């Protein structure tokens with residue numbers, strides 16, 4: 001169950017994995033999301049193949065050990081997002 005604030009998405013405050021159509025995948029705390037954008041806080045970014053790890057391998061390790069944030073906040077274009085999943089469910 002997430003943190004409930006008026007006018008925020010149901011995933012507000014939850015650590016999520018945001019996959020994209022490109023090589024990037026993001027792990028961060030969801031601040032808000034709507035039809036146009038996804039706003040993440042305390043975000044780590046992984047590019048498929050970096051460090052010899054696929055997106056799936058990166059997510060498995062993130063679920064087990066957590067991530068080091070690279071960005072305080074990122075705003076992602078929802079058109080590039082292919083999925084938003086709770087990290088705790090992976």
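What's the ranking of 13-23, 69-79, 37-47 by average number of surrounding C-beta atoms within 10 Å, highest first?
Most protected by this proxy first, the peptides run 37-47, 13-23, 69-79.
Which FRET efficiency, nearest 0.05, do residue 71 and residue 48 yield, Cβ-Cβ r, R0 25 Å?
0.85
Using a 10 Å cut-off on Cβ atoms, rank the peptides 53-63, 25-35 from the highest mean neighbour count down.
So the order, starting with the most tightly packed, is 25-35, 53-63.
Output the relative contact order of segment 15-89, whole-number percent, from Cα pairs under 8 angstrom with separation of 6+ residues.
After rounding, I find 42 percent.
In nm, to one decimal, how far is the residue 60 label point from the residue 36 one, both placed 7 Å along Cα→Cβ?
Simple spin-label model gives 3.9 nm for this pair.
Across the chain, what fraction of all alpha-carbon pairs, as a whole percent, falls in each successive 10 Å bin from zero upward?
The calculated distribution, bin by bin, is 18, 54, 25, 3, 0.
Full-extension gain between residue 10 and residue 80, please, as 0.36 nm times their residue separation minus the C-alpha to C-alpha distance.
23.2 nm
Any idea what angle helix 55-65 forms with the longest principal axis of the chain, computed on alpha-carbon atoms, 0 to 90 degrees, nearest 10?
Its long axis makes an angle of about 70 degrees.
Computed from the coordinates by the stated procedures, all read-outs in this text should not be read as laboratory data. It should be emphasised that the depicted structure is a prediction, and the values quoted were computed from it without experimental measurement. So basically every Cβ, Gly included, is an ideal-geometry build from the backbone, and we count neighbours across all protein chains shown.
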